[in-house]
Amino acid sequence: MPAHWSPNALRLLAVFIGCAILLSASLASTSPSGASGAITRAALTKPKRIPHRCRHKHRRHRRRCAARVRASRRARLERSAPVTVSPSFYGVNGQSFSEKFMPSSQWDAHLEAIHNAGFTSVRREAWWCDVERSAPSGGVHTYNWSELDQFVGTLARHQLRWYSTISPGAGWAGSGWASPPSDAHLPDYAAFAAALAKRYGANGTFWQAHPELPYEPVQDFEIWNEPNLKRFWVDDIAGSPARYGRMVAASSASVHAVDPGARVVAGALANGGAIHATDYIARMVSANPGLRGAISTVSFHPYGMTADRSLKRIAAVRKAIDSWLGKDVTILISEDGIPLPPGSPFTVQDRATLWSKLALTLPRSDCKIEGFLPHDWTSEEQDPSQDDQWYGMAKWNSAQLDSSGAAVKSAIKRMEGLSSTPPPTGTAHVCYG
């Protein structure tokens, strides 16, 4: 020991030596019998946990098993992750937004309320009979766009786009204004569909002429409405599937020639009617095999009166589409609702439950759903014998939502991640569960 060490240094050295002796004794007492007393690396390192199904001597088996474990963990994370949806998923039916039914002076209040409710599109018919009032002369079509220009422009000012349904017909093209075009006038119907796309679709002439408006091009061109119901297909209903299939083929080709990115929507099928939706799909494609590969989206109106029944009907249509058109074809629910005339066995709460559950379920279902448009935004509620006047979620004169409208608005905000309540998690196994 150096002679020059101070008393404090000597005391610190003594403390250090004492601690070393105590630690050595402690380690010796915990060493296994017969061991040298030194702590090995294996004793200090926790062995890597191997999943019980991966405990196999072959390396290839262990790698495959570990991959399955990782996939299982990913699946668990997916099931627990909230599912949010694009605002473009939700639209609403608004057949009333025509001077035929509602004065245009009332439109702004309603369209503002539609935008505030979270909807981004309004479904309404194109009324071919009004736009092209006479047959083409010398192959030249004459269209009057004034009413549709007003409608599309007013939608755009409220950041809404038009979901177009190309119906009803024109009296000169069929047996009456409400009838589908005859085979001889199918080219005229297809030309009208193309003219709509050229004017209101992507880079349409309407948008070029109105740069002051928000750009809200039409993306959806739905071919007719409920062709499996006699009410909307007033000609021979038995021949409807084959004839309607030809309408779809001709219109799809003409629209895509103008706007390749447009979505041409087939169907708008009612669940029941003269021909059930699933049978209609089978007969339509059987008569027109070229539709397989040509149709990307089929729209459907389940009207189950409860969400569970509507979902069951959607699953049946999904199965028919898979069989006849292919699994890549998507579904768009362009109508569903409950009319509430006086004396109805249903209540506004029934409608609220229906719309809310569909709004929360369809975007995360396994049915390949493209969108949901409840029927209807507003209706007059005048004649108790007319169910069509009793579907609306908003009051005719004030645009104020009833409780069913408030419920679907709340569900939309939740699915878009704009609510204090998080979106539901995981996939809803409706069609392939």
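The values are calculated or read from the model by the stated rules, or taken from the named source; none is laboratory data. None of the values given here were measured: they were computed from a predicted structure. Heads up, the Cβs are rebuilt from the backbone with ideal geometry, glycines too, and the neighbour counts pull from every protein chain shown.
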Taking the condition in contact (Cβ under 8 Å) with a residue 24 or more places away in the chain, more than 17 Å from TRP145 (Cα to Cα) and surrounded by 15 or more Cβ atoms within 10 Å (Cβ to Cβ), does GLY261 pass?
no
Note on GLU222: of the conditions (1) at pLDDT 95 or above; (2) crowded, with 17+ Cβ neighbours inside 10 Å; (3) touching a Gly at 6+ places or on another chain (Cβ under 7 Å), unmet is (3)
In segment 279-330, anything touching a helix residue (DSSP H, G or I) at 6+ places or on another chain (Cβ under 7 Å), over 22 Å from ASP376 (Cα atoms) and among the polar types (S, T, N, Q) is listed as ASN288
Requested in this report: May I ask you to verify whether GLU416 is under 13 Å from GLY91 (Cα atoms) and surrounded by fewer than 24 Cβ atoms within 10 Å (Cβ to Cβ)?
Outcome: no
The residue from ASP388, ASP383 that alone is among the charged types (D, E, K, R), without any contact (Cβ under 8 Å) to a residue 12 or more places away in the chain and assigned by TED's automatic domain parsing to the domain that holds GLN95 is ASP383
LYS198 passes all but one of the listed conditions (1) closer than 19 Å to ALA156 by Cα; (2) touching a Phe, Trp or Tyr at 6+ places or on another chain (Cβ under 7 Å); (3) in contact (Cβ under 8 Å) with a residue 24 or more places away in the chain; the exception is number (2)
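Results for (1) among the small types (Gly, Ala, Ser); (2) in contact with a strand residue (DSSP E or B) (Cβ under 6 Å, 6 or more places away or on another chain); (3) at pLDDT below 95, shown as yes or no for each residue.
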position	(1), (2), (3)
SER251	yes, yes, no
ARG263	no, yes, no
ARG283	no, no, no
ALA287	yes, no, no
THR297	no, yes, no
THR306	no, no, no
VAL317	no, yes, no
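Residues are listed down the side, and each one gets a yes or a no for (1) out of contact with any helix residue (DSSP H, G or I) (no Cβ under 7 Å at 6 or more places or on another chain); (2) part of a helix (DSSP H, G or I); (3) of a type in the set (Asp, Glu); (4) surrounded by fewer than 19 Cβ atoms within 10 Å (Cβ to Cβ):
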position: LEU340; (1), (2), (3), (4): no, no, no, no
position: LEU354; (1), (2), (3), (4): no, yes, no, no
position: PRO363; (1), (2), (3), (4): no, yes, no, no
position: ASP388; (1), (2), (3), (4): yes, yes, yes, yes
- Task: Look at ASP366 and say whether it is touching a Gly at 6+ places or on another chain (Cβ under 9 Å) and either modelled with pLDDT of 95 or more or outside the structural domain of ARG318 (by TED's automatic domain parsing) (or both).
- Result: yes
- Task: Inspect all residues belonging to segment 363-373 and state whether any of them is over 18 Å from PRO87 (Cα atoms) and among the aliphatic types (A, V, I, L, M).
- Result: no
Checking LEU196, LEU269 in turn, the sole residue that is closer than 24 Å to PHE89 by Cβ, at pLDDT 95 or above and part of a helix (DSSP H, G or I) turns out to be LEU196
Within segment 364-398, of all residues that are more than 27 Å from the chain's Cα centre (by Cα) and of a type in the set (S, T, N, Q), the one farthest from GLN95 (Cα to Cα) is SER385
